[in-house]
Every structure is written in structure tokens, then in C-alpha cells.
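The values are calculated or read from the model by the stated rules, or taken from the named source; none is laboratory data. All values reported here derive from a predicted model rather than from experimental measurement. No Cβ is skipped: glycine too gets one built from the backbone with ideal geometry, and neighbour counts run over all protein chains shown.
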Amino acid sequence: MKLIEVTKAFATEEQCLAYLEAKRWPNGVRCLTCGSKEISRITRKVSKKTDNKRAQLFQCLEPTCKQQFSATTGTIFNGSHLSLDKWYMAIALIVDAKKGMSALQLQRHLKVNYRTAWYLAHRIREAMNDPDGLKLTGTVEIDETYIGGKQRGNKRKRLNKDVVLGIRQRGGPLRLVHVKDSKQGTLYDVIAQHVDSANTKAIMTDDAGAYNFRLTKFHNIPHSKIRHSRREYVKGDVHTNTVENSFSLLKRAVIGTYHQLSIKHLQRYLNEFSYRFNRREDVELFENTVMRMAGVKPMPYAKLIEQNAFTPFVRPTPKTSEPF
Ligand SMILES: [Zn+2]
């Protein structure tokens, strides 16, 4: 579904609710508490004061249950003061934006305040976390990139910079993980979590000393190193260009869109980027994302903003170093 189609199909709360209902209960609404099929519908007037409540409710008719619920109960949309059409529009905008969508852009499109837009974008990003548990196989390229400040100079001297480990299966998915440093043990833990040691045919890295698998469960897998330290970039089949291409896309997106992003939230931006990247061929990306969100437990705002996580938009001041 394209953005324009979303705008037309989900212009009202009723349309959004009907869609959610049809997707959540393709065989008819069932009580979320007891599973009963005996349900009655309640339609009520929603005033400004009660705009936290849905206009359409279900009432379980099971005498021992009598639970009331709505199509959004138990989903990320529940308890939000924002109307569903704004949620849907935000999802459509974010899945459509190859370079990402800042809270400021979202604010303009949705005509909501900045804080609402910021919160909304982060809730959507949270749902883009890939918990499928599937590990990468085949030929796997691994490389790291550095976030913040200038990127020149020797990799090992890049202190005080945030490290993102990229792992990409050739012809397959990408994983981006914000790691605390680029030490061997740190990188290995992440690699072991994302790469299937039993079904990987080859590992490609550069010649950084941190990539040493001799004493690990990857020791039997052919490991080719491209000698970036000697300005060697491709040697036959040996290169890390596939994962590096993802890095440059990521950086273009982030520099162009987010200007200044809080490192505290870096992993969420990485999730958003790789989610969209890995699903770039998915023609039902909007629909699938809405469903994913319907299955995701809501994240309370209090949790999101703990440790002063809320970062108001600050127009970047020109500096000698790039913000990203
Ligand atoms: Zn019930």
C-alpha cells in the first residue's frame, strides 16, 4: 500500500478500527480474556474529554467474563491519545521514507506537536526491532563503522566514538548493532548471536585484529580477510563491500534526516534502518508493520523517557566535526 492509498483508505478512526478488527480476528471477534465468540458491539460518542477511549467497543456476553475490549486492546495503539488515522499515517510515512523520517518532519505531516511526533516515531521504531531469532547463513560479511565526529584516522585510535557492528548475509538480511567497543570479545558476542555457525559457508572481514575466530565456534568456517590496512578492497570473491554499502546508505540517511541523534537511541534508529532495508521488496510493508505493531506490547512513555531520554530537536550548529 502506497502512502496515498493509506491516506484514502484510513481517513477515519472507524476505517482504522475496522481494518485492525479484520486483521486481528479474521474469523470473527473473540473475547481477549475468555475466547468466547459471544460478543456484542457498543458504539459510543467520543467527546474531547474522553478521546483516550475508542468509539467502538466489544462486550463479552459470557456471564462469568463480561469483559469490555476494543480492536486496539493489548496493542501498541492502546492508551494513546492519538487517533488511529494519525498512527497509520505515521507508520506509512516511516516505512516509505528510505532515508528515515525525523520527528520534525513527522510533526509537519501529521500536524501534531513535536513531542507527540517524537514519541510516536520512537514507538514505531521500537516495533521495528527484529525479534525473529533467525541467524544469518551462507556468506557473511562483517565490518564495523564509527558514529560521531570525524571518521579519519586509524580505526584503533577512534576513541570516544560509538561503534556499530554490521553483519550482512550476501543476498540476505542486514543486522546493525550498537556495541560498546570494537574489542574482540565484544564483537564476537554479537557475531555469535546473529550468525549461524552451523550453516555459514564463509566469513569475510577486514584484517582488523579483532576478527579472530580461531578459538571460537566459528573456527571451522573459512575466514577471508581483505587487507584494508594495505588499501586492498576486493580480491576475487573476498570483500566486505556489501556490508559497507549498507553503512554508506545508513550514514546518508542519518546525516540527511536526523542531523543530531541521541546516541542513547542509536539502536532504535539502526533497527528502523535495517527493518526497512531488509524489507525493501515487501509490497505489503505498511500492512505488515501495522500488524506487527498490533502484536507488540505497548511501551509506556515513562520507560521511554527514563534518564531524560527525551531529546528536543536542536538545530545543529556548524562545527568542525560532523554531528554524525
Ligand atoms: Zn470473555
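A few comments on the model shown:
- Scan of the stretch 95-111 for residues that are polar (S, T, N, Q) and closer than 14 Å to ARG123 by Cα, ordered by number: SER102
- Tabulated pairs, the stretch 9-27, first within 16 Å of TRP87 (Cα to Cα) and of a type in the set (Ser, Thr, Tyr), second modelled with pLDDT of 90 or more and not in a helix (DSSP H, G or I), C-beta under 7 angstrom, 6+ apart or interchain: TYR19/PHE10
- Flag if GLY171 is exposed (fewer than 15 other Cβ atoms within 10 Å of the Cβ) and at pLDDT 90 or above: no
- Number of residues in the stretch 64-86 that are crowded, with 17+ Cβ neighbours inside 10 Å, within 13 Å of ARG24 (Cα to Cα) and of a type in the set (Gly, Ala, Ser): the value is 2.
- Lone qualifier among GLN184, GLN193 - being modelled with pLDDT of 90 or more and under 24 Å from ARG125 (Cα atoms): GLN193
- Annotation: of all residues in the stretch 61-80 being within 18 Å of ALA18 (Cα to Cα) and hydroxyl-bearing (Ser, Thr, Tyr), the one that is farthest from the ligand (Cβ to nearest atom) is SER80.
- Hits in the stretch 181-199 - residues which are assigned to a strand (DSSP E or B) and in contact with a Leu (Cβ under 7 Å, 6 or more places away or on another chain): VAL195, ASP196
- Within the stretch 145-153, at least one residue is outside any helix (DSSP H, G or I) and modelled with pLDDT of 85 or more.
- Selected residue (criterion: modelled with the highest pLDDT) from residues of the stretch 41-60 that are closer than 25 Å to ARG123 by Cα and either within 11 Å of the ligand (Cβ to nearest atom) or part of a loop (DSSP other than H, G, I, E, B) (or both): ALA55
- Answer from ARG276, ARG214, ARG315 - the residue that is part of a loop (DSSP other than H, G, I, E, B), modelled with pLDDT of 85 or more and more than 23 Å from GLY79 (Cα to Cα): ARG214
- Where a residue in the stretch 57-80 is more than 18 Å from ARG41 (Cα to Cα) and its partner, wherever it lies, is of a type in the set (Gly, Ala, Ser) and outside any loop (DSSP other than H, G, I, E, B), with Cβ under 6 Å and at least six apart: THR75/ALA294
- Taken as a whole, the condition of being exposed (fewer than 15 other Cβ atoms within 10 Å of the Cβ), in contact (Cβ under 8 Å) with a residue 12 or more places away in the chain and over 29 Å from TYR269 (Cα atoms) does not apply to SER224.
- Qualifying residue in the stretch 30-40 (condition: away from the ligand (no atom under 16 Å from the Cβ) and either at pLDDT below 90 or not in a loop (DSSP other than H, G, I, E, B) (or both)): no
- For the stretch 240-250, the set of residues classified as surrounded by fewer than 18 Cβ atoms within 10 Å (Cβ to Cβ) and more than 20 Å from the chain's Cα centre (by Cα) consists of ASN241 only.
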